[in-house]
1. Express in nm, to one decimal, how much length is gained between B:Arg12 and B:Leu42 on full extension, taking 0.36 nm for each residue of separation and deducting their alpha carbon distance.
2. If one computes the Cα centroid of the stretch A:41-97 and of the stretch B:41-58, what distance in Å separates the two points?
3. Output the 0 to 90 degree angle, nearest 10, between the alpha-carbon long axis of helix A:182-195 and the longest principal axis computed from the alpha carbons of chain A.
4. Could you work out the mean count of beta carbons from other protein chains within 10 Å of each residue's beta carbon in B:49-59?
5. Past the 22 angstrom mark, what percentage of all C-alpha to C-alpha distances in the stretch A:84-186 do you count?
6. Return the loop-located trypsin sites (Lys or Arg not before Pro) in the stretch A:12-92 (DSSP other than H, G, I, E, B) with at most 10 other Cβ atoms within 10 Å of their own Cβ; answer none if there are none.
7. Tell me the volume per residue, in Å³, of the convex hull enclosing the alpha carbons of the stretch B:7-68.
8. Please give the average number of partner chain Cβ atoms lying within 10 Å of the Cβ of each residue in A:128-139, rounded to a whole number.
Amino acid sequence: MIYAYGICAAATTPPPCRGLGGARLGVLRRDGLAAVYSRHRRLRPQPTPAQVLAHERVVEAIMDDGPVLPLRFGTQLATEERLATVLDERREELLRTLARVRDRVELGVRALPTAPTRDRAAGERTGRAYLLARAAQQRRRDRTVRDLHEPLAELAAATVVRPLPAPPALLVAAYLVDADRVAAFRARAAALDAQHDELDVVVTGPWPPYNFATEDEDESRRR
Amino acid sequence: MRVDADDEDVARGLAQLVLTVVELLRQLMERQAIRRVEAGDLSDDQVERLGLALMALEQRMDELKRDFRMTDEDLNLNLGPLGNLL
């Protein structure tokens, strides 16, 4: 059984860290592409902080060396041959996606209301009031997307907006940003935060491009 | 690809899946209801009944989430290339 962490360019050097359970990392190279993996006799990946961090560390170490398509936590394959087949079969797509994330990072943005708003319309006494409260909430969300997302998206190569963010969040989105524009992106997010007293805008990252590791997400926009 | 899982994992995973789909439908119904109210094609009585029904549904959903010890964040499915469901 092998556990796979990420797909990268063939030139990638083996990351100088260990994998899940302290396993040694291997690099499988295949005609311009490579995958970083570890071999396990028995492995049951559980999303515990230690295991998720081990996965993340490997992905970040690959990213230090070049572009990476992070695989989802828990990706396992039967054999190295199987992994090689995946690289072969999806070669063109993987190369294109790697080119897209090259020299770019993912930034996460969450916008939350500053004051605790009554997000649960459930306390309303009438059906009409409930629906009106819900409608107001939806308008607030749409307005947040317009006021925050659109100016931030101008600085991004691609974006993914979560369509129905869990309350109280009004915007949860990921942005694929050129590494040399991260500072500009943060500055714009800070300016938007200052402009909107009613919102807290939180930027996280830079992350490996988890939300941009597959081609042509419906919601993503390329420029 | 993973086939071995203990019963508790499976039960929780199934509950999570079912609740996620129910929550998705609930949210879609609510959006549709808001659209119809805003379009003004419902009578006052219809708006009231629709609102009460959706309010009751949300309360019930909150109870189910509590019973299964799940948060809104748990009720999400990553659909891979399609992104997140909720």
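1. Numbers: separation 30, 0.36 × 30 = 10.80 nm, distance 3.99 nm.
Fully extending the segment from B:Arg12 to B:Leu42 adds 6.8 nm.
2. Between the Cα centre of the stretch A:41-97 and that of the stretch B:41-58, the gap is 48 Å.
3. Result, in degrees: 20.
4. Values: counts 2, 4, 11, 7, 2, 6, 13, 3, 0, 5, 2.
Partner-chain Cβ atoms within 10 Å, mean over residues of B:49-59: 5.
5. On the way: 2577 of 5253 pairs.
Counting every Cα pair in the stretch A:84-186, those more than 22 Å apart make up 49 percent.
6. Working: sites: A:Arg18, A:Arg24, A:Arg29, A:Arg30, A:Arg39, A:Arg41, A:Arg42, A:Arg57, A:Arg72, A:Arg82, A:Arg90, A:Arg91; in loops: A:Arg18, A:Arg24, A:Arg41, A:Arg42, A:Arg72, A:Arg90.
Passing sites in the stretch A:12-92 are A:Arg24, A:Arg41, A:Arg42.
7. Values: hull volume 3.6 nm³, N = 62.
Expressed per residue, the convex hull around the Cα atoms of the stretch B:7-68 is 58 Å³.
8. Values: counts 8, 3, 12, 14, 5, 2, 10, 7, 1, 2, 5, 2.
Other-chain Cβ atoms within 10 Å of each residue's Cβ, averaged: 6.
Each reported figure results from applying straightforward, stated rules to the coordinates on display, with no laboratory input. Model, not experiment: these values are computed from the prediction. Counting neighbours? That spans all protein chains shown, and the Cβs are built from the backbone with ideal geometry, glycine included.
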